[in-house]
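Contents: one structure, followed by commentary.
The values are calculated or read from the model by the stated rules, or taken from the named source; none is laboratory data. No experiment lies behind these values; they were computed from the predicted model shown. Every residue, glycine among them, receives a Cβ derived from its backbone with ideal geometry; neighbour counts consider all protein chains shown.
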Amino acid sequence: MTPELKQQILDGDLDAYGEVVREYQGMLLGYTLKRLGDWAQAEEVVQLTFIRAYQKLEEFRPDQEFGVWLCVTAKYMILTELEKKRREARNKDNYQSALEVEIGDALCDGIELDEEGEDVAALKACLDKLQTEASSVIQLRYFEKQSCKDIAVSKDRTVTWVTSTLSRARQALRKCLENQLASS
């Protein structure tokens, strides 16, 4: 990019910048697509890169290669996009874990007692059939109302381990209860 073209753009000539965009768009799209592997995401990053480049055009030095300068700008946009995706995945996992706990709470709270207490007896029998660790985690979570984080700390495990153990234990309890109550 020549100093004259840069000055035209800085003076507000959007047509001049449009020419620059058309000239470098294909190269930049190839660069971002190779790193992201997703066409729509690469197009979005390219658009954001051109916007950022326009905003930071005063920092561009004419002795630099404009394509390289754009690629460096795109690299930071790609890193930002990848971090955003990682954060969204973590949030989704955290939401999924919290949702599983809420469902488990609802299942345990939703057990209705009948006159003879058969449901409670069936639940106790099923709890006794669980492995020691699973039974202990169920006890701490649902009867002592501890959070998954507190259980993880007390058992020297991760929160993911606690939620996975709870999930498997709930599945085993559900299956056992269905069998127990169906046979009575």
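Structure values in brief
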| quantity | calculated |
| --- | --- |
| Every pair of residues 6+ apart whose Cβ atoms lie under 9 Å, when the first sits in the range 125-154 and is within 16 Å of R174 (Cα to Cα) while the second is buried (at least 17 other Cβ atoms within 10 Å of the Cβ) and among the charged types (D, E, K, R) | I138/R170 |
| Residues satisfying the stated conditions in the range 129-183, i.e. of a type in the set (S, T, N, Q) and either touching a helix residue (DSSP H, G or I) at 6+ places or on another chain (Cβ under 6 Å) or within 21 Å of D93 (Cα to Cα) (or both) | S135, Q146, S147, T158, T160, T163, S164, T165, S167, Q171, Q180 |
| Candidates L14, L5, L28, filtered to the one that is out of contact with any strand residue (DSSP E or B) (no Cβ under 8 Å at 6 or more places or on another chain), within 15 Å of F66 (Cα to Cα) and at pLDDT below 90 | L5 |
| Evaluation of E116 against (1) modelled with pLDDT under 80; (2) over 30 Å from R35 (Cα atoms); (3) surrounded by 10 or more Cβ atoms within 10 Å (Cβ to Cβ) (one fails), failing number | (3) |
| Output for the range 121-154, where each listed residue is over 26 Å from the mean Cα position of the chain (by Cα), of a type in the set (D, E, K, R) and in a helix (DSSP H, G or I) | K124, D128, K129, E133 |
| Qualifying residues in the range 25-74 (those that are assigned to a helix (DSSP H, G or I) and in contact with a Lys or Arg (Cβ under 7 Å, 6 or more places away or on another chain)) - the one surrounded by the most Cβ atoms within 10 Å (Cβ to Cβ) | T73 |
| Of all residues in the range 168-184 being among the small types (G, A, S) and surrounded by 15 or more Cβ atoms within 10 Å (Cβ to Cβ), the one that is farthest from C148 (Cα to Cα) | A172 |
| Subset of the range 1-24 [crowded, with 17+ Cβ neighbours inside 10 Å and outside any helix (DSSP H, G or I)] | M1 |
